[in-house]
Amino acid sequence: KYDSVEDDENDLVERPPIVTIMGHVDHGKTSLLDRIRNSRVAAKEAGGITQHIGAYMVEKDGKKITFIDTPGHEAFTEMRARGAQVTDIAIIVVAADDGVMPQTKEAIAHAQAAEVPFIVAVNKIDKPQANPDLVKSQLAEMGITPVEWGGEYEFVNVSAKTGEGIDDLLETILLQAEMMELKANPKRKAKAVVIESRVEKGKGPVATIIVKNGTLKKADSFVCGKTYGRVRLMIDDLGKPKKEVLPGEPAEITGFDEVPMAGDVLVAVESDKIAKETAEKWKEFLEEREKSKSTKATLEDLQKMILEGELKKLPVIVKADTQGSVEAIKGSLAKLKNEEVKVDIIHSDVGAITENDVILAKASEPHAIILGFNVRPTSGAKNKAKQEGIEIRTYSIIYDLIDDVKELLSGLMTPKVTEEVTATIEVRDVFMVPKVGAVAGCYVQDGVVHRGDFVRVIRDGVVIYDSKLASLKRFKDDVKEVGKGFECGIMVEGYNDVKVGDILETYRKIEEKAKFEG
Ligand code: GDP
C-alpha cells in the first residue's frame, strides 16, 4: 500500500481546508459559491479567466481555502460511499427568509454521518423578511446550538447578493481549520481524490482532483481507482498550466488510461510499471470489496454480524408521516439495546423515503436500514435501493416497527408479515358522482386488485388514508379483480378527497393464525 507510509513530523505543513457547501434547494448555495469565487483578488492579479473545473481556491489574510464547486450533499455522500472523504468542513446554507427545510436536515445528517464539522451560513439576510434568529432557534431545537447561545456551532449571517458577511464566513472557516490542524507533507508523492471526470475530444479522460497529501508533479506515474496513467497536463481554476499541485489544491489533469470515477483515490508511484501493476491489484481488491459491501445490508447479514458480535451500532434511518410519530419512534428506538449493540439513528424526518435517504444509508458502514412508518419510497428511491442492496421496511403500526428492530438486535429476526400488498394503482382521473361520491379513474401499475381488498391512499409518499375498497369497476360493471396494465374505477370507503396523482396501495391482511400454521 503506497499511501500508508508514515510522514515525518518535521515535514508536515499546514494545508488549506477543503470545503463543501450544502443546504436546501434555492437557499443560495450556487450564489454563495459564485460570490466567494468572484471575491478573490487572485483572478484579477493573474489576469486569469475563471475556469469551472469543479473546485476553486480563494485566499484570505494570506491563507488559502479550497471550495468544491458542486453544491449539494448527493455528490458529497456518493463520493464518501466510494470510500473517499474529501471534505474537511461543510457549510450548511439556510435562507433566513425560509428557515430550516427538509434538505437542510438531510444536509446536516450527511455531514454528521461523515463526521465532518460544519458551519451554518444564514443567507439572504439582505431580505426584509429575513429572520436569522428563527433559523437559530430552529436549529438549536435540533441540538445545533449556536456558540453565542452557549453551544458549539458557528453561525454566520451572510448575503450572497450584497456580499455582506462573506469575509466573516471565510474567517470562520479558517478558524475552524486551525483548530483541526490540517497538515500534510508536500515532500512525499501525492495522494489525491477525484471529484469530477469526463472525456474530452482531443484530450481523452480529464479529471479534477484535489491533492490531500504530498505534491503531484507533471509526468508523475499514478494509480487511480481501477485505472492508472501519467500526469500530462495540469491546469488550475484560472486556466493556468501548473508544474506541481500542493496539498489542499485542486487541478484539472489529463493522462489517464481510462476515465476514473468521482471518489476514486489517486496515488502517485515510482514508475509506469508499478502504476500498471498496482492498478491491476487494486481493481481486484476494489471489485472484491464492492462485492462484500453490497451484501452487508440484508437483514440476514446484519443479524449474522450481531450474533458474531461484530456490530456495535445498528445504523437506521427513520421516515414517518408526522413529526409526532418520528419523535415516538426515536424515543422507543433509543431505549432498545441488547448488551453490545445499540440503535444509531443517522437520520430522521417527516415525508416519503427519497433517493437521498438511500444514498445516506449506503454511505454508512455497515449500510443503514431504512424504516418507514406510514410512508413509502419514491419510485427513484425504490430503484436505487434495489440497485444498491439497501433494505427498506415500511410499517403501519409503530409497535411492529419497534418489535422488528428489537428482534433484529436480539438476533432473532423473523420479519413479521402481517399483510400482503396486492396492487399499486395510479389515480389518473377523479369523477364526482352526485349522491355517490368520488370515483377514481385508475391504472393498475403492478399486481392485481381484488374487490374485498384494503386500500391506502398515498400522496407524495405519505399514507394519508387507510380503509377498504367501496367498489371496483371496469367501465360500468362491478368486477372481482383487475390486473396490471388495466384501467378501473375505484371508490375508497369513507374518502372522497382522492386526487389525480395519488397512489392507491391495496392489501390483504394475513391472520396471525395463518402465519403460525403456514
Ligand atoms: P441553490 O439552489 O441553493 O444553489 O440557490 P441559488 O444560488 O440558485 O439561489 C436561489 C435564488 O435565491 C436565486 O434567485 C438567487 O438570486 C437568490 N439568492 C441567493 N442568495 C441570495 C441572497 O443573499 N439574497 C437575496 N435577496 N437573494 C439571494
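Shape verdict for region 181-248, please, from the Cα gyration tensor: rounded (a/c under 1.5), prolate (a/b greater than b/c) or oblate.
prolate
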Requested in this report: Of the DSSP beta bridges with both residues in the chain, give the percent that are antiparallel, rounding to the nearest 5.
Outcome: 70 percent
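Pop the C-beta distance of GLN85 and MET179 into the FRET formula with R0 = 25 Å and round what comes out to the nearest 0.05.
Working: r = 18 Å, r/R0 = 0.72.
About 0.90, to the nearest 0.05.
Could you size up the charge dipole of the chain around its Cα centre, putting +1 on the beta carbon of Lys and Arg and -1 on that of Asp and Glu, and report it in debye to the nearest 20?
Values: 74 positive and 89 negative charges, 256 e Å.
Roughly 1220 debye for the chain.
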Requested in this report: Report the FRET efficiency, 1/(1 + (r/R0)^6), for VAL147 and LYS63, where r is their Cβ-Cβ distance and R0 is 25 Å, rounded to 0.05.
Outcome: 0.75
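Express in nm, to one decimal, how much length is gained between VAL25 and ALA470 on full extension, taking 0.36 nm for each residue of separation and deducting their alpha carbon distance. Don't skip to the answer; put the middle values down first.
Working: separation 445, 0.36 × 445 = 160.20 nm, distance 4.08 nm.
Residue separation times 0.36 nm, minus the Cα-Cα distance, leaves 156.1 nm.
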Report task. Using label points projected 7 Å from each Cα along Cα→Cβ, tell me how many nm separate SER379 and LEU233, to one decimal. Result -> 4.2 nm
Report summary line: Log10 I(q)/I(0) at q = 0.10, 0.12 Å⁻¹ for the chain, from Debye over equal alpha-carbon scatterers, is -0.92, -1.17
Query - Cα gyration tensor shape for region 311-413, rounded if a/c is under 1.5, else prolate or oblate - result: oblate
Query raised in the report: Amide H to amide H, which residues 5 or more places from ASP344 or on other chains are under 5 Å from it, using H placed in the peptide plane?
Result: LEU314, VAL316
Report summary line: If SER137, SER271, SER332, SER221 are placed from fewest to most neighbouring beta carbons inside 10 Å, the sequence is SER271, SER137, SER332, SER221
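Between their Cα atoms, which of LYS136/LYS335; LYS64/LYS384; LYS382/LYS480; LYS64/LYS283 are more than 31 Å away from each other? Don't skip to the end; give the middle numbers.
Working: LYS136/LYS335 29 Å; LYS64/LYS384 38 Å; LYS382/LYS480 29 Å; LYS64/LYS283 35 Å.
Violating the 31 Å Cα-Cα cut-off are LYS64/LYS384; LYS64/LYS283.
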**Report entry** Selection from PRO102, THR70, ILE119, by position along the positive dipole direction of the chain (Cβ)
**Finding:** THR70
Query raised in the report: What spacing in nm lies between the two simple spin-label points modelled at GLN445 and GLU171, each 7 Å away from Cα in the Cβ direction?
Result: 5.2 nm
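Out of the DSSP beta bridges found with both residues in region 367-490, what percent are antiparallel (nearest 5)? Don't jump to the answer; show the numbers that get you there.
Details: 28 of 32 bridges.
Here the antiparallel bridges make up roughly 90 percent for region 367-490.
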Query raised in the report: Once phi is turned into ³J(HN,Hα) by the Karplus curve 6.51 cos²θ - 1.76 cosθ + 1.60 with θ = phi - 60°, what whole-Hz value does each residue of region 489-494 show in order, with x for glycine and proline?
Result: x, 10, 10, 9, 4, x
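Stretched out fully, how many nm does the piece from LEU286 to LYS187 gain, at 0.36 nm a residue minus the Cα gap? Show your work: numbers first, answer last.
Numbers: separation 99, 0.36 × 99 = 35.64 nm, distance 2.81 nm.
32.8 nm is the gain from fully extending LEU286 to LYS187.
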Query raised in the report: Which residue, chosen from PHE475, ASN496, HIS450, occupies the Cα position most advanced towards the positive end of the dipole of region 435-518, where the dipole is computed from +1 (Lys, Arg) and -1 (Asp, Glu) charges on Cβ about the Cα centre?
Result: PHE475
Report summary line: Here the gain from full extension of ASP497 to GLU164, 0.36 nm per residue of separation minus their alpha-carbon distance, amounts to 115.1 nm
Report summary line: For VAL436 and LYS240, extending 7 Å from Cα along the Cα-Cβ vector and measuring point to point gives, in nm, a value of 7.6 nm
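Hey, what number do you get for the chain at 222 nm if only DSSP H runs of n ≥ 4 count, each worth -39500 (n - 2.57), divided across all residues, to the nearest 500? Let's see the in-between values first.
On the way: 13 runs with 143 residues, N = 518.
Taken over the chain, the calculation gives -8500 deg cm²/dmol.
A short reminder: the numbers here are calculations on the coordinates, not readings from a lab. Please read these numbers as outputs of a predicted model, since none were measured by experiment. Using ideal geometry, Cβ is built from the backbone for each residue, glycine included, and neighbour counts are taken over all protein chains shown.
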